[in-house]
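Everything below concerns the one structure shown next.
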């Protein structure tokens, strides 16, 4: 298929990322709790599903769940799309009252104790941290007894002001460009987009500073945000995330670092942390 | 500005990336030759400008220039948009005859001799190569006497089939996601998008395998592609690229690695190669 240049056609006998996943045992796939899946229905029928990471930012995640349960996000907007950086949504007016069961000033959960994190080390060096790897499906960096989620493509965080404890969950963002790792440990990451990111990445970029839309008419309305556990069974996302402690994940990373598909003439010999964010499969 | 969380507000006395650039002497900005600027006018008034890198892939770049001079791309399409990967454009039919002054099977210019490249080393480690840095405004990796352009966000390459010398320039792609560095040395990079990338990144993703559009109607027509040198002076892009051998560029990299704007509570202490692609300024 000439010019379909960036695809994966397996050489006879060689593994590809896709073939490794196709051979994964069922046990290698984790089924997220429906209470950790945030389902965001946007105007125009776009659905974005976010997997939450309560073990990394428990207070922030509890706030987001409380806001979802209160249907607080419904009728708000995506109001910022900055190319090669982030999409941001929520209440840009900062005036919508928060439900009583949210914490107005969450602690700065920008990192956490490394103890209690079962890190599968990533076998290639990282620019930003001495140790990186994956834990429970998350890309993680670790140093000096602290561990933190990293700003890879699709990761979701809580917008805040300059004061560290001003991120109450009323504004969220997702990374839509090259991993802005300088944000690591400066803001609370709470999860990642696991399906439907194209519902946000293909939006027009905002023309104002930092990608904010100039007019309210440009904003994309949020129809509703719900926890999957609140949805009828038939309407819940059906997806699984590859278990990063599985042999399949290790094999997948190895193959991604050493592509021998027909197209490749020189395997890279490495893959970076954000180039190996765990795959998700839908429909099962 | 609460929740405008990812901006840059300078602490009194501290430098920001923007303040470093604002203080750059005029000599720190390079003006590209209009013969190395490819101006792509897309349907809907979108203009994308690509700076070519003839020193890295001379035969491929000569082909692209010949195709532009022949107005060969006019009326073709963007036919592929794959989320977190690439946008691709040109002739998906592979049947449009090439002008006589193009090379049908260019050599695999996937890397080149490192001699002759004046690399300013990047001061932080890279996952993929022992040595990385910048040369003449380009992100470059170097190893074993060879040097090559790296697949950072916005970089432009020449689509090819599985045989290495099948990339004649009739299909081009741009990176629109996290840097897919495993492609380095596997395909000819020929330049990068310097302005207007949002004209491609905000397009709908294709629903077919590898992000190809399912129907011809979904394709975005290319109105014309011209070298800037072919355009009337008033219609030429006016832009400059920061000289990567300048003191300003070194200072900018340092500040990007050590953000001390009001928002940041913990400077990263590093920035990766693709996080430091040289800035471009327009309008001068």
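Some values worked out for this structure:
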| quantity | calculated |
| --- | --- |
| Residue in the stretch A:134-155 that is nearest to the chain's Cα centre (by Cα), counting only those that are in a loop (DSSP other than H, G, I, E, B) and either at the interface with another protein chain (Cβ under 10 Å from one of its Cβ atoms) or within 18 Å of residue A:89 (Cα to Cα) (or both) | A:154 |
| Selection within the stretch A:225-239 - out of contact with any helix residue (DSSP H, G or I) (no Cβ under 9 Å at 6 or more places or on another chain) and crowded, with 17+ Cβ neighbours inside 10 Å | A:239 |
| Residue list for the stretch B:157-172, filter: under 20 Å from residue A:267 (Cα atoms) and in contact (Cβ under 8 Å) with a residue 24 or more places away in the chain | B:157, B:158, B:159, B:160, B:164, B:165, B:166, B:167 |
| Qualifying positions in the stretch B:240-269 - in contact with a helix residue (DSSP H, G or I) (Cβ under 7 Å, 6 or more places away or on another chain), crowded, with 19+ Cβ neighbours inside 10 Å and part of a loop (DSSP other than H, G, I, E, B) | B:243, B:259, B:268 |
| Strands (runs of 3 or more DSSP E) contained in the stretch A:26-99 and holding at least 3 residues closer than 22 Å to residue A:164 by Cβ | A:86-90 |
| Subset of the stretch A:205-224 that is more than 14 Å from every other protein chain (Cβ to nearest Cβ) and assigned to a helix (DSSP H, G or I) - its residue that is surrounded by the fewest Cβ atoms within 10 Å (Cβ to Cβ) | A:217 |
| Residue identified as in contact with a strand residue (DSSP E or B) (Cβ under 9 Å, 6 or more places away or on another chain), more than 10 Å from chain A (Cβ to nearest Cβ), under 19 Å from residue B:178 (Cα atoms) and in contact (Cβ under 8 Å) with a residue 60 or more places away in the chain among B:237, B:279 | B:279 |
| Residues of the stretch A:156-168 that turn out to be touching a strand residue (DSSP E or B) at 6+ places or on another chain (Cβ under 7 Å) and within 11 Å of chain B (Cβ to nearest Cβ), as a count | 4 |
| Failed item, numbered, when residue B:117 is tested on (1) closer than 30 Å to residue B:246 by Cα; (2) assigned to a loop (DSSP other than H, G, I, E, B); (3) within 13 Å of chain A (Cβ to nearest Cβ) | (3) |
| Filtered residue count, the stretch B:188-204, keeping only those that are in a loop (DSSP other than H, G, I, E, B) and within 7 Å of chain A (Cβ to nearest Cβ) | 4 |
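Quick grid of which residues meet (1) modelled with pLDDT of 95 or more; (2) touching a strand residue (DSSP E or B) at 6+ places or on another chain (Cβ under 6 Å); (3) farther than 30 Å from residue B:248 by Cα:
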| position | (1), (2), (3) |
| --- | --- |
| B:13 | no, no, no |
| B:59 | yes, no, yes |
| B:81 | yes, yes, yes |
| B:99 | yes, no, yes |
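The values are calculated or read from the model by the stated rules, or taken from the named source; none is laboratory data. Given the structure is predicted, the values throughout are model-derived calculations rather than measurements. Note that we place each Cβ from the backbone using ideal geometry, even for glycine, and neighbour counts take in every protein chain shown.
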